[in-house]
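Taking it in order: structure first as structure tokens, then the write-up.
The values are calculated or read from the model by the stated rules, or taken from the named source; none is laboratory data. All values derive from a computational prediction rather than experimental measurement. Backbone-built Cβ (ideal geometry, glycine too); neighbour counts: all protein chains shown. Calculation scope for accessible area: heavy atoms of the full protein, side chains included, ligands and nucleic acids excluded. Shrake-Rupley method; radii C 1.70, N 1.55, O 1.52, S 1.80 Å.
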Amino acid sequence: MNTFKGARGKIKLYLILVIIPALIISFFIYEKEKQKIADKHIQEASMMLNLHRNKLNYLTGETKARMTTLAIAVDKPVNEEKINEILDQAFEDEPRFSGLYMLNAKGDVIASTTDLKSKVNLADRPYFTKARKTKKTVITNDYPSRITGQRIFTICVPVLDANREVTDYLVAAIQVDYLRNMINMLSPDVYVKATHQDKVIFASGRADQSEGVQPVSGYLDDINWNINVFPKPVELNELTKSVLLPMSSIAVLLNILFILVQYYLLKRKTQLERAQNEAQKLELIGTLAASTAHEIRNPLTGISGFIQLLQKKYKTEEDQLYFSIIEQEIKRINQIVSEFLVLGKPTAERLEVNSLQDILDEIMPIIYSEGNLYNVEVNVEILVNRPLKVNCTKDHIKQVILNVAKNALESMQEGGRLSIYLEARDHKAVIKVADNGMGISEDMLEHIFLPFVTSKEKGTGLGLVVCKRIVLMYGGSIDIQSEVDKGTEVTITLPAASR
């Protein structure tokens, strides 16, 4: 059941951290890349529009210029045979022309590149009327040719005499199909459409690409035609290639995030389990201490009394040595039992406001004496110029400082320096005990506050546990910084009393 719950929790976490974010991010990436590709296609269509407009404008302008030049060069009066030769030569050189014609002032065709079976008069054509009236070149929209039947547009250039009177007209008919084929050769895969007042003049390319696509458009210079170029639609394979890399990267990053979160949760769970185990150990120790400490002390008191009686009865040097050893071990048992009692009593008794300076003054003779035994120089520095008071039981704080100082002295077997500092920091009292002894390894430092963890041969592993329990009772903290062969610094922080 627990395995099922664990698997279900992992699936739920994977959905929250990977699947759902991946879908959301992928949607935005998809839309962004789609728009990016669409913008690229629009830009390409704009370039193609400029290309086609320039090509058509050039063709129209160049034809207009050629016809104007020819109109200026025509001899007066017009030699029909000679003008026919000129028109035939121009027609053969340029496939754009559907036909070239010379009209007289009445609109009769007097020279043509197309064989006419009968007389043709074009005076009714709007371009003829407009050219006669304005005496300027006229370019028409598309229409079906009366002569060839092809869809054409015409350029009509009036021929003027010396008095700037119109004597004749040169007409060039240009095939619309020629324009379509020319555009189709330039961009066979792009749908291009030329329109005039919503009427389609010609179209080239793939018409299926125009569905749902907004074209880019522009008008020609000399003809009132609107050229529409339709951008290519965003195709699936193109979009897939574009989004594959960013989506893959997002998937990898989200999976890495999932692994890191899993690692963090597992580490946190391990730490919680470890903390629970430590709490259970302390609770077990406290229970054992509460139930057995007094029972141990009662027979110890009797044993101690009888030992004192035996010391008076047996006074030889050897007997006294044995008795002194027994007394030392009884004191050691008493010390361990006292530490058990502290662990078994999480609340402090007889709380009073005590000065840390006074507490240090009371215990320093003991520390100086121990320092002499270890050949250690002891230095005390009071870094505050007022009484530093805490709400506590004096014996508890004495026990903490003495335990820490004793550990420091025992780490300097070949002598050294022990420094004790007292200072105030942010409404808190701080006691620092520093030595230059052998130090504590990193592995040991991680477990230094666990019960029964000790590096001493005869240590119980309860001294620092007791110290931490006492400091925590008063709302303080204890921190140990150490480096092997360089020394250790223990910082004890306690809330300062308000009075």
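Would you confirm whether or not segment 442-462 contains a residue that is free of Cβ contacts under 8 Å to residues at least 40 places away in the same chain, farther than 29 Å from Q280 by Cα and touching a strand residue (DSSP E or B) at 6+ places or on another chain (Cβ under 8 Å)? No, segment 442-462 contains no residue that is free of Cβ contacts under 8 Å to residues at least 40 places away in the same chain, farther than 29 Å from Q280 by Cα and touching a strand residue (DSSP E or B) at 6+ places or on another chain (Cβ under 8 Å). The set of residues from segment 107-124 being under 27 Å from N181 (Cα atoms) and touching a residue at least 12 places away in the same chain (Cβ under 8 Å) comprises S112, T113, T114. Scan segment 152-183 residue by residue and report those that are at pLDDT below 90, open to solvent by 50 Å² or more (accessible area, probe 1.4 Å) and either touching a Pro at 6+ places or on another chain (Cβ under 6 Å) or not charged (D, E, K, R) (or both). Answer for segment 152-183, where residues must be at pLDDT below 90, open to solvent by 50 Å² or more (accessible area, probe 1.4 Å) and either touching a Pro at 6+ places or on another chain (Cβ under 6 Å) or not charged (D, E, K, R) (or both): A162, N163.
Within segment 97-106, is even one residue part of a loop (DSSP other than H, G, I, E, B) and free of Cβ contacts under 8 Å to residues at least 40 places away in the same chain? Checked segment 97-106: at least one residue is part of a loop (DSSP other than H, G, I, E, B) and free of Cβ contacts under 8 Å to residues at least 40 places away in the same chain. Please pick out the residue among V192, V200, V171 that is free of Cβ contacts under 8 Å to residues at least 12 places away in the same chain, in a strand (DSSP E or B) and not aromatic (F, W, Y). Every option except V200 fails the conditions. Among the residues of segment 48-59, write down those that are aliphatic (A, V, I, L, M) and open to solvent by 90 Å² or more (accessible area, probe 1.4 Å). Matches in segment 48-59: none. Before we move on, is A45 open to solvent by less than 80 Å² (accessible area, probe 1.4 Å), aliphatic (A, V, I, L, M) and closer than 30 Å to V234 by Cα? Answer is yes for this residue. Among the residues of segment 362-377, the one identified as surrounded by 13 or more Cβ atoms within 10 Å (Cβ to Cβ) and part of a loop (DSSP other than H, G, I, E, B) is Y374.
Yes/no per residue for (1) in contact with a Ser or Thr (Cβ under 8 Å, 6 or more places away or on another chain); (2) closer than 16 Å to V261 by Cα; (3) touching a residue at least 40 places away in the same chain (Cβ under 8 Å); (4) not acidic (D, E):
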site: G9; (1), (2), (3), (4): no, yes, no, yes
site: L15; (1), (2), (3), (4): no, yes, no, yes
site: S26; (1), (2), (3), (4): no, no, yes, yes
site: I29; (1), (2), (3), (4): no, no, yes, yes
site: Q35; (1), (2), (3), (4): no, no, no, yes
site: A38; (1), (2), (3), (4): no, no, yes, yes
site: H41; (1), (2), (3), (4): no, no, yes, yes
site: A45; (1), (2), (3), (4): no, no, yes, yes
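Would you mind stating whether I440 is β-branched (V, I, T) and in contact with a helix residue (DSSP H, G or I) (Cβ under 8 Å, 6 or more places away or on another chain)? Taking the combined requirement at face value, the residue does not satisfy it. Report, by residue number, each residue of segment 126-143 that is in a helix (DSSP H, G or I), farther than 14 Å from T167 by Cα and among the aliphatic types (A, V, I, L, M). Once the filter is applied, which keeps residues that are in a helix (DSSP H, G or I), farther than 14 Å from T167 by Cα and among the aliphatic types (A, V, I, L, M), segment 126-143 yields nothing. Would you please name the residue that is modelled with the lowest pLDDT, looking only at residues in segment 294-343 that are among the aromatic types (F, W, Y) and open to solvent by 40 Å² or more (accessible area, probe 1.4 Å)? The residue in question is F340.
Screening the candidates I37, I72 for the property of being open to solvent by less than 40 Å² (accessible area, probe 1.4 Å), part of a helix (DSSP H, G or I) and out of contact with any Phe, Trp or Tyr (no Cβ under 8 Å at 6 or more places or on another chain) yields one hit, I37.
Tally time: how many residues in segment 378-401 are open to solvent by 10 Å² or more (accessible area, probe 1.4 Å) and either more than 17 Å from N354 (Cα to Cα) or touching a Cys at 6+ places or on another chain (Cβ under 8 Å) (or both)?
Of all residues in segment 378-401, those open to solvent by 10 Å² or more (accessible area, probe 1.4 Å) come to 378-387, 389, 391, 393-396, 398-399.
So of that shortlist, the ones also either more than 17 Å from N354 (Cα to Cα) or touching a Cys at 6+ places or on another chain (Cβ under 8 Å) (or both) come out as 378-381, 383, 399.
Total meeting the criteria: 6.
Between V229, V243, V261, the distinction of being touching a Pro at 6+ places or on another chain (Cβ under 8 Å) and at pLDDT 85 or above belongs to V229 only.
Taking the numbered list (1) closer than 26 Å to N226 by Cβ; (2) touching a helix residue (DSSP H, G or I) at 6+ places or on another chain (Cβ under 8 Å); (3) touching a residue at least 40 places away in the same chain (Cβ under 8 Å); (4) open to solvent by less than 50 Å² (accessible area, probe 1.4 Å) in turn, S145 passes all entries but (2). Within segment 219-278, how many residues turn out to be within 20 Å of the chain's Cα centre (by Cα) and of a type in the set (V, I, T)? Of the residues in segment 219-278, 6 are within 20 Å of the chain's Cα centre (by Cα) and of a type in the set (V, I, T). When each of L422, L494, L464 is tested for being under 17 Å from I359 (Cβ atoms), of a type in the set (A, V, I, L, M), crowded, with 17+ Cβ neighbours inside 10 Å and touching a Phe, Trp or Tyr at 6+ places or on another chain (Cβ under 6 Å), the lone residue that passes is L494.
Just to verify a result, which residue in segment 203-231, among those that are part of a loop (DSSP other than H, G, I, E, B) and aliphatic (A, V, I, L, M), is nearest to P144 (Cα to Cα)? Step by step, filter segment 203-231, then rank; the result is I223. Looking at segment 379-494, what helices (runs of 4 or more DSSP H) fall wholly within it and have at least 1 residues that are under 22 Å from L351 (Cβ atoms) and of a type in the set (A, V, I, L, M)? Ranges flagged: 394-410, 463-473.
Of all residues in segment 104-144, those that are more than 21 Å from I86 (Cα to Cα) and acidic (D, E) total 2. Tallying residues that are closer than 29 Å to L23 by Cα and either surrounded by 11 or more Cβ atoms within 10 Å (Cβ to Cβ) or in contact with a strand residue (DSSP E or B) (Cβ under 8 Å, 6 or more places away or on another chain) (or both) within segment 260-285 yields 4. The lone criterion from (1) at pLDDT below 75; (2) surrounded by fewer than 12 Cβ atoms within 10 Å (Cβ to Cβ); (3) not in a helix (DSSP H, G or I) left unmet by S291 is number (3).
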